[in-house]
Amino acid sequence: MLDLDETRHLAELSKISLTEAELQTLADEMEQIIRLMDTVAEFQSGEDAFAVDPTAYEALRADQVAASMPREDVLSNAQVRTDACFQVPKVV
């Protein structure tokens, strides 16, 4: 299904330099992945996945209040902290 020329082309597009042995290994591994995905695509569950109610839980345990770790222990590894909070760099 996937030959060495296609694999070589994909490697070039990905800017990956491979030896011929690595190229053959990659082609074999990609072939196995494609076969696995073909098998997954053939799977029929017998039910419409959207027909299942995701909120219908039956076997959940009851919530229980438990002691948490002391705040100082949690914050002891913080690089920077403000009062009782982790301070992290602004990402946006």
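Miscellaneous remarks
Conditions (1) on the phi < 0 side of the Ramachandran plot; (2) modelled with pLDDT under 90; (3) surrounded by 10 or more Cβ atoms within 10 Å (Cβ to Cβ), marked per residue:
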site	(1), (2), (3)
ILE34	yes, no, yes
GLN44	yes, yes, no
GLU47	yes, yes, no
TYR57	yes, yes, no
ALA66	yes, no, no
LEU75	yes, no, yes
THR82	yes, yes, no
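- Counted residues, the stretch 2-46 - those being touching a helix residue (DSSP H, G or I) at 6+ places or on another chain (Cβ under 6 Å) and assigned to a loop (DSSP other than H, G, I, E, B): 2
The values are calculated or read from the model by the stated rules, or taken from the named source; none is laboratory data. Keep in mind that what you see is a predicted model, and the values were worked out from it rather than measured. Cβ atoms come from the backbone with ideal geometry, glycine included; neighbour counts cover every protein chain shown.
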